[in-house]
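The values are calculated or read from the model by the stated rules, or taken from the named source; none is laboratory data. Computed from a predicted model, the values in this text were never measured in an experiment. Neighbour counts run over all protein chains shown; Cβ positions are idealised from the backbone, glycine included. SASA here: full protein model, heavy atoms, side chains in, ligands and nucleic acids out. Shrake-Rupley method; radii C 1.70, N 1.55, O 1.52, S 1.80 Å.
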Amino acid sequence: MGRLFWKIFLGFWLTLVFMGGGVGLLVYVHNQQRVAEFNDLAAGPWAARNVVSVATALQYGGLAALHDLTRQWPGLSPLPVLVVSDDGRDALGRPVPQRALARARAALADAAPQAGVRRVTTPGGHAYLLFVPVRLPFAHLHRHGPFGAYRFYLRLGVALLASLLFSAALAWYLVRPLGHLRRAAQRLANGDLGVRVMPLLGGRRDETAELARDFDHMAGRLQALIGAQNRLLSDVSHELRSPLARLQVAVALAWQQPDKLPLALKRIEREGERLDALVGQFLTLSRIEAGVDQGPAEYVDVGALLENVVEDARFEAAGHGKRVELSVGHQLMVHGRSALLLRAFENVIRNAIRYTADGTTVDVSAERATSEPWLSVMVCDHGPGVPADKLEVLFDPFVRGRDDEPDGLRGYGLGLAITRRAVEAHGGNVHARNRSEGGLCVEIRLPSASESALVS
């Protein structure tokens, strides 16, 4: 057990002990104060029987018989009869309520004395007044015999043991989940990303369980992020290997065949541009995921942003006999970063221009939902589409839509990944679907800015 367990355990246990001792002390003081208030005498057959029993023992056996009777008194209660001498002292050393004594003496002086009051003389000539108060005053346990003391200490021991067990169980219940969390954190720090805590807590439903759920969520996110990072690094190394290999071949060709130096230099230049583009896209993706170099958030007019992107895209498409058409609605405002959104729209639209058939049109539209606080940007082309099994992973890094792309159309599979990261950074989502008439449609959904926010 750790130090926290002992702190909680001792804290609860000592609190229970002090509370129990304090309550016991208050009860004792209260009983002592009540001793003087016991004014009434017990009456009836019960009091009469007890007085007769004690009187018989005193009359024929004296104080020795009284002590024997006290030790052998049946039941768990002590002897209820007070045996008071003429000087006002109880023969067994118990406190004597003075007002009850006065009532007993007055009752004895009556012409018809009360049945529960009697005066007895021992064989030794000592006289004692016997009576039963309504409540027996508190007396020291050793006055009640060994069984009374044993019963008191037994109850005290049971109470201490119960408080001890309760405090230990409560401390264990509170500390046990923290032990699971500590061991899980150590395993996570050692690289075990599959560790989880909630299965160890059973059906627990408290703040500790919420902490365990948050820990499991964190571990799951770390596992997913590190797994994605490892896959990304693996893909990057794979993508870099091909242009680097071609660069090595071009250099070797230049050394071996000096007459082909211009051709080798052209190949080196082309591969250098490809490496620069790949590294640039990879750095962009990394910055978006890290949340840096994104610029300040502001209210962005999506319609105006799309018009700028489409204007540049039309110039690129015209060189291949393709067209780009734009249709936008009104009040297409979002709160975000225009540079990120510009790159997201540009990647999707340029991707559509690349794959749409010659002489066809890329349709770009944007509208705001009437019943939901979302706006939708749709980009549709007339190309070959994407295999159905790749639609779900199309926006993952280094995933290409088709494996049979010609070398002139092959990209690095980072453009759409950048688009998804940029859209998700704004609280939106993006997905793709094949058109029934042929081609691919990519829909970007973004949370639209409220009219109240725009006015303010």
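Tabulated data
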item: Residue match in segment 113-132 (condition: in a loop (DSSP other than H, G, I, E, B), modelled with pLDDT under 85 and open to solvent by less than 30 Å² (accessible area, probe 1.4 Å)); result: yes
item: Pair list, Cβ < 6 Å and 6+ apart or interchain, from segment 46-74 residues that are on the phi < 0 side of the Ramachandran plot to residues that are polar (S, T, N, Q); result: LEU58/THR122
item: Some residue of segment 271-279 being modelled with pLDDT under 85 and not in a helix (DSSP H, G or I); result: no
item: Complete set of residues in segment 419-451 that are open to solvent by 50 Å² or more (accessible area, probe 1.4 Å), touching a residue at least 60 places away in the same chain (Cβ under 8 Å) and in a loop (DSSP other than H, G, I, E, B); result: SER450
item: Enumeration of residues in segment 354-372 that are open to solvent by less than 80 Å² (accessible area, probe 1.4 Å) and either closer than 18 Å to ARG445 by Cα or part of a helix (DSSP H, G or I) (or both); result: TYR355, ASP363, VAL364, SER365, ALA366, ARG368, ALA369
item: Residues of segment 203-221 satisfying the condition of being without any contact (Cβ under 8 Å) to a residue 12 or more places away in the chain, of a type outside the set (A, V, I, L, M) and open to solvent by 50 Å² or more (accessible area, probe 1.4 Å); result: GLY203, ARG205, GLU207, GLU210, ASP214, HIS217, ARG221
item: Inter-residue pairs, beta-carbon under 8 Å, first without any contact (Cβ under 8 Å) to a residue 12 or more places away in the chain and farther than 15 Å from VAL120 by Cβ and in segment 86-108, second open to solvent by less than 40 Å² (accessible area, probe 1.4 Å) and part of a loop (DSSP other than H, G, I, E, B), 6+ apart; result: ARG89/VAL96
item: Pick from segment 133-169, criterion open to solvent by 100 Å² or more (accessible area, probe 1.4 Å) and either farther than 27 Å from ARG49 by Cβ or basic (Lys, Arg) (or both), ranking: modelled with the highest pLDDT; result: LEU165
item: Residue satisfying condition, being assigned to a helix (DSSP H, G or I), over 15 Å from ALA42 (Cβ atoms) and either open to solvent by 50 Å² or more (accessible area, probe 1.4 Å) or small (Gly, Ala, Ser) (or both), within set ALA106, ALA100; result: ALA106
item: Segment 373-400 - residue that is of a type in the set (Phe, Trp, Tyr) and closer than 18 Å to ARG343 by Cα and, of those, least open to solvent (accessible area, probe 1.4 Å); result: PHE395
item: Single unsatisfied condition, LEU82 versus (1) surrounded by fewer than 18 Cβ atoms within 10 Å (Cβ to Cβ); (2) at pLDDT 90 or above; result: (1)
item: Residue that is nearest to GLY359 (Cα to Cα), among those in segment 318-329 that are surrounded by fewer than 22 Cβ atoms within 10 Å (Cβ to Cβ) and not hydrophobic (A, V, I, L, M, F, W, C); result: GLY321
item: Given (1) at pLDDT below 90; (2) touching a strand residue (DSSP E or B) at 6+ places or on another chain (Cβ under 9 Å); (3) open to solvent by 20 Å² or more (accessible area, probe 1.4 Å), index of the condition LEU332 fails; result: (3)
item: Selected residue [open to solvent by 10 Å² or more (accessible area, probe 1.4 Å) and not in a loop (DSSP other than H, G, I, E, B)] from PHE345, PHE315; result: PHE315
item: Segment 170-195: number of residues that are in contact (Cβ under 8 Å) with a residue 24 or more places away in the chain and either assigned to a loop (DSSP other than H, G, I, E, B) or loosely packed, with under 14 Cβ neighbours inside 10 Å (or both); result: 3
item: Members of segment 254-267 found to be part of a helix (DSSP H, G or I), open to solvent by 50 Å² or more (accessible area, probe 1.4 Å) and either farther than 28 Å from GLY415 by Cα or modelled with pLDDT of 85 or more (or both), listed by number; result: TRP255, GLN256, PRO258, ASP259, LYS260, LEU261, PRO262, LEU263, LEU265, LYS266
item: Residue under evaluation ASN351, criteria (1) assigned to a helix (DSSP H, G or I); (2) of a type outside the set (A, V, I, L, M, F, W, C); (3) open to solvent by 40 Å² or more (accessible area, probe 1.4 Å), criterion not met; result: (3)
item: Every residue from segment 432-448 that is farther than 18 Å from ALA366 by Cβ and touching a helix residue (DSSP H, G or I) at 6+ places or on another chain (Cβ under 9 Å); result: ASN434, GLY439
item: Matching residues in segment 197-220 - criterion: being of a type in the set (Val, Ile, Thr) and at pLDDT below 85; result: THR208
